[in-house]
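Peer 1: Quick one: this structure, given as structure tokens, is what I'll be asking you about.
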């Protein structure tokens with residue numbers, strides 16, 4: 001069998017594990033509940049803005065940038081996406097150890113890297129689908145309530161930017177899931193770091209300026225906004241130049257955190273024995 005054939009077979013095995021991960025994720029009531037709540041909150045934000053504008057005498061149809069504020073700063077993206085990422089990734093590896101299914105899955109003709117990559121891609125693609133749904137809902141409701149929206153050609157790029165930004169806390173929770181092999185502990189640790197990052201970012205920014213940029217939430221929350229600002233200013237020469245340096249720095253920080261977290265999870269999986277079912 002040629003190299004191409006082996007690669008295709010490996011990808012097929014990864015796809016099987018990814019599909020299995022999709023079924024696990026969709027079956028989780030907590031994930032489904034958070035998705036429904038995220039869409040409901042996003043809808044509530046837009047409807048509330050519409051009613052506020054109307055009661056204040058502001059013409060709602062004049063707000064052509066509502067989609068930007070709801071996609072980037074709406075309650076769903078700000079709170080629920082990181083939470084969904086943490087929950088999906090936090091149980092991805094650890095639940096297999098807790099239920100004793102890791103031994104069964106890894107006894108199949110599949111390498112540990114293929115297994116981990118399939119789990120990772122399955123969970124992350126499910127998260128991306130949720131992000132796409134929220135983005136579509138935000139854009140659709142913004143058009144429905146506030147009329148034609150400006151710069152909608154950038155909406156697909158905003159979805160990609162949000163998906164890329166969510167890698168930090170998804171990978172952090174995924175790493176904890178493999179390193180500690182306990183779902184509750186992995187989720188709690190990842191969520192605690194998320195909250196700590198939110199608190200630390202403005203404090204470090206006030207005290208030490210750019211030092212705050214090493215905190216995960218700075219890049220995770222800032223990258224989509226930096227990108228949109230760069231895109232809009234690039235298409236409008238009247239506006240001042242966007243902070244390109246911050247955009248590139250945020251992109252690099254997300255990549256570094258992602259690589260480090262995934263590498264630690266891979267080393268843990270490759271260098272240790274598969275544990276038996278935990279009590």
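Peer 1: Can you tell which of 35, 14, 7, 47 is surrounded by fewer than 18 Cβ atoms within 10 Å (Cβ to Cβ) and either modelled with pLDDT under 80 or over 17 Å from residue 143 (Cα atoms) (or both)? Break it down stepwise before answering.
Peer 2: On the way: 35 fails: surrounded by fewer than 18 Cβ atoms within 10 Å (Cβ to Cβ); 14 fails: surrounded by fewer than 18 Cβ atoms within 10 Å (Cβ to Cβ); 47 fails: either modelled with pLDDT under 80 or over 17 Å from residue 143 (Cα atoms) (or both).
Answer to the selection: 7.
Peer 1: Just name the residue that is farthest from the chain's Cα centre (by Cα) out of those in segment 240-269 that are outside any helix (DSSP H, G or I) and either surrounded by fewer than 18 Cβ atoms within 10 Å (Cβ to Cβ) or touching a residue at least 60 places away in the same chain (Cβ under 8 Å) (or both). Break it down into steps so the answer makes sense when it comes.
Peer 2: Narrowing segment 240-269 to residues outside any helix (DSSP H, G or I): 240-243.
If we keep only those that are either surrounded by fewer than 18 Cβ atoms within 10 Å (Cβ to Cβ) or touching a residue at least 60 places away in the same chain (Cβ under 8 Å) (or both) as well, we get 240-241, 243.
Details: 240: 30, 241: 28, 243: 23 Å.
Ranking the qualifying residues of segment 240-269, first place goes to 240.
Peer 1: Evaluate segment 158-177: report whether one residue or more is assigned to a helix (DSSP H, G or I) and over 27 Å from residue 28 (Cα atoms). Give the steps one after another, and end with the answer.
Peer 2: Of the residues in segment 158-177, the ones assigned to a helix (DSSP H, G or I) are 158-165, 167-177.
In the following step, the residues that additionally are over 27 Å from residue 28 (Cα atoms) were identified as 158.
Yes - at least one qualifying residue is present in segment 158-177.
Peer 1: Go through segment 138-158 and give me each residue that's more than 19 Å from the chain's Cα centre (by Cα) and more than 12 Å from residue 231 (Cα to Cα).
Peer 2: Across segment 138-158, the qualifying residues are 140, 141, 142, 143, 144, 145, 146, 147, 148, 149, 150.
Peer 1: Moving on to the next point. Within segment 204-216, take every residue that is in a helix (DSSP H, G or I), touching a helix residue (DSSP H, G or I) at 6+ places or on another chain (Cβ under 8 Å) and free of Cβ contacts under 8 Å to residues at least 40 places away in the same chain and give me the one that is surrounded by the fewest Cβ atoms within 10 Å (Cβ to Cβ). Working first, answer last.
Peer 2: Within segment 204-216, the subset in a helix (DSSP H, G or I) is 204-214, 216.
Adding the requirement that they be touching a helix residue (DSSP H, G or I) at 6+ places or on another chain (Cβ under 8 Å) leaves 204-205, 211-214, 216.
Pick out the ones that are also free of Cβ contacts under 8 Å to residues at least 40 places away in the same chain and you get 204-205, 211-212, 214.
Details: 204: 18, 205: 15, 211: 11, 212: 18, 214: 15.
My answer is 211.
Peer 1: Only one of these is within 19 Å of residue 254 (Cα to Cα), outside any loop (DSSP other than H, G, I, E, B) and out of contact with any strand residue (DSSP E or B) (no Cβ under 7 Å at 6 or more places or on another chain): 190, 186. Name it. Break it down into steps so the answer makes sense when it comes.
Peer 2: Working: 186 fails: within 19 Å of residue 254 (Cα to Cα).
Going through 190, 186 in turn, the sole match is 190.
Yes or no, residue by residue, for (1) surrounded by fewer than 24 Cβ atoms within 10 Å (Cβ to Cβ); (2) farther than 14 Å from residue 262 by Cβ:
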position	(1), (2)
105	yes, yes
111	yes, yes
129	yes, yes
135	no, yes
144	yes, yes
148	yes, yes
155	yes, yes
174	no, no
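Peer 1: Picking from 86, 58, which residue would you name as being under 25 Å from residue 124 (Cβ atoms), out of contact with any strand residue (DSSP E or B) (no Cβ under 8 Å at 6 or more places or on another chain) and either modelled with pLDDT under 85 or crowded, with 19+ Cβ neighbours inside 10 Å (or both)? Full working, then the answer.
Peer 2: Details: 58 fails: under 25 Å from residue 124 (Cβ atoms).
Within the list 86, 58, the selection yields 86.
Peer 1: Yes or no: residue 197 in contact with a helix residue (DSSP H, G or I) (Cβ under 9 Å, 6 or more places away or on another chain), under 19 Å from residue 82 (Cβ atoms), in a helix (DSSP H, G or I) and at pLDDT below 90?
Peer 2: no
The values are calculated or read from the model by the stated rules, or taken from the named source; none is laboratory data. In this text the structure is predicted, and so the values were computed from the model without any measurement. Note that we place each Cβ from the backbone using ideal geometry, even for glycine, and neighbour counts take in every protein chain shown.
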